[in-house]
Amino acid sequence: MLVLFITLAFLFILGMPIAFALGLGSLAALWVDSSLPLVLVPQRMFTALDSWPIMAIPLFMLAGALMDKGGISRRIVDFSAACFGFIRGSLGMVTVLASMVFAGISGSSTADTAAVGSILLPAMRKKGYDMRFATVLQAAAGAIGPIIPPSILMIVIGYVTDTSIARLFLAGIIPGFLIGLVLMFVSYLHAIRGGQAYLSSTRFSLREVLVTGKNALPGLGLPFIIVFGILGGIFTATEAAAVAVVYGLLVGLFLYREIRLRDLPKILIQAAEVSCVVMFIAATAMLFAWMISVKQLPVTLGDFLETQVASRTMFLIVLNLALLLIGMFMESFSAVIVFLPILFPIAVRFGIDPVHFGIIATVNLAIGYITPPYGATLFVACSLSGKSMREVTPKVIPLILAMLAVLLIVTYIPESFLWVPGLMGK
C-alpha cells in the first residue's frame with residue numbers, strides 16, 4: 001500500500017490528471033506485489049464498466065446534449081424569465097430556476113452549467129450585473145445538477161453502495177429544491193445592494209408565463225416521465241436514460257425542429273467524448289478501490305474510527321469534513337468510487353440509513369463543484385464569463401455558506417427528505 005500512495009502523491013504533485021494517476025498508481029502497486037498478476041489491471045477496469053447501471057451515464061450525457069442542441073434549454077430559460085422577470089435581480093433567479101429544471105433533464109452538473117450559462121451569463125453582462133457574482137451563481141446553480149433527479153452521480157453512488165437508485169432519486173428532490181431556494185435568497189440579497197443594474201424593467205404577465213410554459217412543456221415534462229416511470233416499475237434508471245435520449249431526439253427533430261439529421265454525428269461525438277472521460281475515470285477509480293479493498297484498508301480504517309469516534313453525531317461531523325475536503329481536490333466520480341466503499345460500511349455500523357448516507361455524499365460533492373481549487377462547475381462558468389478563478393473566489397463564499405446550511409439540515413434532520421421515498425413506498 002505504501003508504494004500505491006507514494007506513487008499517487010508523486011503523480012499528483014506532477015499535475016497528472018487524476019484518472020491516469022489512479023491507474024498508474026494501482027499498476028505500480030501491482031508491479032511491486034508479485035503475488036498479483038498484472039493482467040488484473042485490464043480485467044478489473046473492464047469489470048468496473050461491465051455494469052447495467054453504469055450504462056446510464058453515457059445515455060444521460062447524450063440526452064442532455066440532444067436537449068441542449070434541440071432548444072429545450074433556451075425555452076426553459078424563457079419560461080423561468082417569465083416567472084421571475086418582475087423581481088429585482090431577476091436574471092439571478094432565472095439562472096437558479098432554469099438550472100433546477102435542466103437538472104431534472106440532464107443529470108450532469110457541467111452540462112447544466114454550460115447549457116444555462118451560455119444563455120444567461122451574456123444576458124447578465126449586457127444588463128450590467130457584477131460578472132464575478134454572476135459567474136459563481138451560475139456555477140452554484142449548476143451544482144444542483146447531481147442532487148435533483150435524474151442524477152448521474154447518484155447512479156454511481158447507488159452502484160458503489162448497492163443502494164436503490166430510485167430511492168436516492170426521490171430523496172434528492174427536497175435537498176435540491178432547498179439549495180435552489182437558498183441560492184435565490186443570496187442572489188436577491190446581492191441584487192438589493194447591487195445598484196441600478198438590478199432593477200426590474202418588466203411586469204409579471206400571466207399570459208407570458210402560460211405561453212412560455214406551453215413552449216417549454218416538452219422539457220418540463222421529461223423529469224416527471226423519468227422519475228414516475230422508474231417509480232412505477234415501467235423502466236429502470238438505465239432504461240429511463242434511453243427513454244430520455246429517444247424523447248430528446250424526437251422533440252429536437254420533429255417538434256422544435258432545431259436538430260437536423262446532419263447535426264447528429266457532431267452531437268453523438270460530443271456526447272461520446274464527455275462520456276469517455278467519465279467512464280475512464282470510473283474504470284481507473286474502480287481499479288484503485290479494488291486495490292485498497294484487497295489490502296483491507298476499509299476494515300482497518302473502520303476499526304480505527306470505531307475506537308476513536310465515540311458517537312453517531314461525531315461520525316457525521318467527520319464524514320462531512322472528509323467529503324468536503326475530498327470534493328475540493330478530487331473529481332466527484334473518482335471520489336465516490338475510491339472513498340465511498342471505505343466510508344459506507346462504517347456509516348452502516350453507526351446505524352446511518354444507506355439513502356441518508358448517499359444524499360449526504362451527493363450534497364457534499366455538489367458543494368465541491370464550486371469550491372476551489374478543483375471546482376468543476378466553477379471552471380465551466382469562468383470559461384463562459386471570461387473571469388479567472390482568482391477573481392471570483394471571494395464571491396463564492398456566501399453561496400458555499402448557504403449550501404452548507406442545507407447540508408446541516410440534510411445531515412441532522414434526515415426525516416426532512418427521507419419521507420419522500422417512504423411515501424412512495426420505495
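No value in this document is a laboratory result; all are computed from the given coordinates. In this text the structure is predicted, and so the values were computed from the model without any measurement. FYI the Cβ positions are ideal-geometry reconstructions off the backbone, even for glycines, and counts take in every protein chain you see.
Between D33 and L231, the contour length at 0.36 nm per residue exceeds the Cα-Cα span by 66.7 nm. Think of each Lys and Arg Cβ as +1 and each Asp and Glu Cβ as -1; about the Cα centre, that makes the dipole of the range 47-423 roughly 1300 debye. In plain terms, if you count all Cα to Cα distances in the range 1-149 and split them into 10 Å steps from zero, the share in each step is 11, 28, 21, 19, 14, 6, 1 percent.
So, in Å, what gap is there between the alpha-carbon centers of the range 289-356 and the range 112-172? Between the Cα centre of the range 289-356 and that of the range 112-172, the gap is 24 Å.
Of all the options F224, F379, F254, the one that moves most in a Gaussian network model of the chain with Cα springs shorter than 10 angstrom is F254. Helix 18-32 and the longest principal axis of the Cα set of the chain meet at an angle near 10°. Dipole orientation for the range 47-423: of the candidates C83, I367, V420, C83 has the Cα lying most toward the positive pole (charges on Cβ; Lys, Arg +1; Asp, Glu -1). If R0 is 41 Å, the Cβ-Cβ spacing of Q296 and C276 corresponds to a FRET efficiency of close to 0.80.
Relative to the Cα centre, the charge distribution of the range 206-298, modelled as +1 at Lys and Arg Cβ and -1 at Asp and Glu Cβ, gives a dipole magnitude of about 140 debye.
Here the relative contact order of the chain, from alpha carbon pairs under 8 Å that lie six or more residues apart, stands at 26 percent. Against the chain, whose longest principal axis is taken from its Cα atoms, helix 297-308 shows a tilt of about 80°.
Considering helices alone, the calculated mean residue ellipticity of the chain at 222 nm is -25500 deg cm²/dmol, with DSSP H runs of length four and up weighted by -39500 (n - 2.57) and normalised per residue. Just so you know, the Cα atoms of the range 47-423 work out to an Rg and Dmax of 20.2, 64 Å. Residues R207, R74 in ascending order of nearby Cβ atoms (within 10 Å, fewest first): R207, R74. Hey, what angle do you get for helix 90-106 against the long axis of the chain, alpha-carbon based, 0 to 90 degrees rounded to 10? The answer is roughly 50 degrees.
Spatially close Lys pairs in the range 47-423, defined by Cα atoms under 28 Å apart and a spacing of eight or more places or different chains, total 12.
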